[in-house]
1. Report, by residue number, each residue of region 155-169 that is in contact with a Ser or Thr (Cβ under 7 Å, 6 or more places away or on another chain) and open to solvent by 30 Å² or more (accessible area, probe 1.4 Å).
2. Out of all the residues in region 93-108, which are under 10 Å from Ile34 (Cβ atoms) and in contact with a Leu (Cβ under 6 Å, 6 or more places away or on another chain)?
3. For region 192-289, list the helices (runs of 4 or more DSSP H) that sit wholly inside it and hold at least 3 residues that are touching a Lys or Arg at 6+ places or on another chain (Cβ under 7 Å); which are they?
4. Tell me, which residue of region 429-444 that is touching a residue at least 60 places away in the same chain (Cβ under 8 Å) and assigned to a loop (DSSP other than H, G, I, E, B) is surrounded by the fewest Cβ atoms within 10 Å (Cβ to Cβ)?
5. Could you tell me how many of the residues in region 337-368 are touching a residue at least 24 places away in the same chain (Cβ under 8 Å) and farther than 24 Å from Val183 by Cα?
6. Evaluate the following for Ser375: is it outside the structural domain of Val183 (by the TED database), open to solvent by 60 Å² or more (accessible area, probe 1.4 Å), of a type outside the set (D, E, K, R) and closer than 16 Å to Met161 by Cα?
7. Of the residues Asn74, Asn84, which single one is part of a helix (DSSP H, G or I), farther than 30 Å from Gly187 by Cβ and out of contact with any Pro (no Cβ under 7 Å at 6 or more places or on another chain)?
8. I'd like the full set of residues that are acidic (Asp, Glu) and either open to solvent by 10 Å² or more (accessible area, probe 1.4 Å) or not in a helix (DSSP H, G or I) (or both), limited to region 112-133.
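The values are calculated or read from the model by the stated rules, or taken from the named source; none is laboratory data. Just so we're clear, the structure is a prediction, and the values are computed from it rather than from any experiment. Don't worry about glycine lacking a Cβ; one is built from the backbone with ideal geometry, like all the others, and counts go over all protein chains shown. Quick note on the areas: whole protein, heavy atoms, side chains included, nothing else; ligands and nucleic acids left out. Shrake-Rupley method; radii C 1.70, N 1.55, O 1.52, S 1.80 Å.
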Amino acid sequence: MAENNTDTKSSNQMWGGRFASGPDAIMEEINASIGFDKKLFAQDIRGSIAHATMLAHQGIISAEDKDKIVHGLNTILSEIESGNFEFSRQLEDIHMNVEARLATLIGPAAGRLHTARSRNDQVALDFRLWVKEELQKTEQMLTGLIAAFLDRAEEHAESVMPGFTHLQTAQPVTFGHHCMAYVEMFGRDRSRVRHAIEHLDESPIGAAALAGTGYPIDRHMTAKALGFREPTRNSIDTVSDRDFAIEFLSIAAIAGMHLSRLAEEIVIWSTPQFGFVRLSDAFSTGSSIMPQKKNPDAAELVRAKTGRINGSLVALLTIMKGLPLAYSKDMQEDKEQVFDAAESLELAIAAMTGMVRDMTVNTARMKAAAGSGYSTATDLADWLVREAGLPFRDAHHVTGRAVALAESKGCDLAELPLSDLQAIHPDITDKVYDVLTVEASVASRKSFGGTAPSEVRRQIAFWRARN
């Protein structure tokens with residue numbers, strides 16, 4: 001009991017004389033954020049060191065006090081990293097916990113650290129630094145995922161598979177071309193990450209509570225020390241802004257959606273009915289009752305993570321939508337959403353990168369499926385336009401009749417006798433069979449960005465140069 005009283009007293013001392021008695025249990029529970037914002041300890045200490053160094057450089061605090069503060073902060077960093085730091089809920093958040101410990105370590109000099117700053121710009125700094133580092137990590141992970149797809153695309157530039165629309169067989173493509181579609185998707189995600197880093201690359205520290213400060217601080221100095229491009233330009237917006245967190249969650253939601261689409265395809269492809277790919281035991285689980293089962297659980301969990309990420313985005317948008325300028329305590333609820341989404345996204349990218357490299361591709365099964373569903377029907381229509389001079393709509397009608405005939409006979413288009421095709425249209429010759437195989441269909445589609453193996457390899461080379 002005495003220990004609790006001491007902690008409460010310490011908390012009250014941090015706040016000052018206005019709060020003579022401690023908060024009750026409910027207020028303490030709703031107000032404390034140390035349970036999650038302790039994740040920001042490294043950023044908080046790094047920001048405080050930069051701030052103290054600037055204060056000394058500007059003659060606002062003495063060099064002696066600065067040295068004590070920096071030494072004390074480095075000691076606290078070591079204590080936290082080694083697990084020897086005791087976080088207190090009574091001290092509310094990471095900022096107060098660090099400052100209280102600093103006072104214990106170095107005495108009155110610790111009180112000078114908070115000169116010319118507020119918890120408002122301090123938390124904005126810590127959180128912005130954390131999000132920037134997380135975006136840089138995400139960029140690296142997306143680069144790894146793109147590299148995995150490039151390797152599979154190169155390996156399967158000529159491997160024929162069915163291309164789908166409405167999940168119905170549409171036209172033959174190559175598996176390499178399909179892989180490159182995901183390279184484009186995740187490449188856009190990486191571009192969004194890079195733009196987000198540019199957007200947030202401004203230092204909040206020095207905005208103070210909301211109006212700036214009367215002390216002669218050098219915000220450009222702290223911005224440079226902390227690796228930011230420049231300081232923010234409006235103190236009210238600085239402490240009000242959580243766009244950087246919302247943008248991170250938006251990026252995470254879009255990337256998660258892409259990962260989920262890929263996961264869905266892996267789930268479908270790995271069924272016995274498709275049999276296009278097989279995952280190893282490293283990314284599969286069995287059934288507790290059915291010994292024959294091999295479930296793509298890793299892909300299914302990646303698909304599910306998207307829901308959590310989307311929820312985090314909606315939650316933070318909802319938190320921020322009704323807040324007047326500048327800072328409101330509601331904004332304390334921003335971090336858990338971002339931390340959870342970041343963890344989910346990291347895990348999903350890592351799992352998917354592993355699955356892309358791990359899966360065994362059944363090229364024979366893919367090729368057999370590529371010819372099903374009359375997938376070369378468009379090639380027949382295109383041949384009629386090129387060789388017989390038909391308008392495309394007429395060619396489309398003729399091809400439809402040919403498909404109906406093949407369907408009634410239970411054969412593929414390439415298996416229809418020439419006499420049957422000529423009965424539908426007399427200008428059809430035996431040269432039409434050159435375009436009715438899936439290999440010929442794929443090889444013919446050499447338009448920029450098309451599925452022809454030569455074009456797939458061109459796009460692989462382009463992406464390898466920029467990856």
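1. Glu158, Thr169
2. Filtering region 93-108 for residues under 10 Å from Ile34 (Cβ atoms) gives 93-97.
Across region 93-108, the qualifying residues are Ile94, Asn97.
3. On the way: elements: 219-225, 235-240, 243-269.
Here the list reads 243-269.
4. Narrowing region 429-444 to residues touching a residue at least 60 places away in the same chain (Cβ under 8 Å): 436-442, 444.
The next check asks that each one be assigned to a loop (DSSP other than H, G, I, E, B); those that pass are 436-437.
Values: Leu436: 22, Thr437: 19.
So the residue we want is Thr437.
5. First pass over region 337-368, keeping only residues touching a residue at least 24 places away in the same chain (Cβ under 8 Å): 337-342, 344-363, 365-367.
Okay, now just the ones that are also farther than 24 Å from Val183 by Cα, so 337-340.
Counting residues in region 337-368 that are touching a residue at least 24 places away in the same chain (Cβ under 8 Å) and farther than 24 Å from Val183 by Cα gives 4.
6. Numbers: outside the structural domain of Val183 (by the TED database): yes; open to solvent by 60 Å² or more (accessible area, probe 1.4 Å): no; of a type outside the set (D, E, K, R): yes; closer than 16 Å to Met161 by Cα: yes.
Judged against the criteria, Ser375 is not a match.
7. Values: Asn84 fails: part of a helix (DSSP H, G or I).
Matching residue, one of Asn74, Asn84: Asn74.
8. First, the residues of region 112-133 that are acidic (Asp, Glu): 121, 126, 133.
Residue satisfying the conditions is Glu133 alone.
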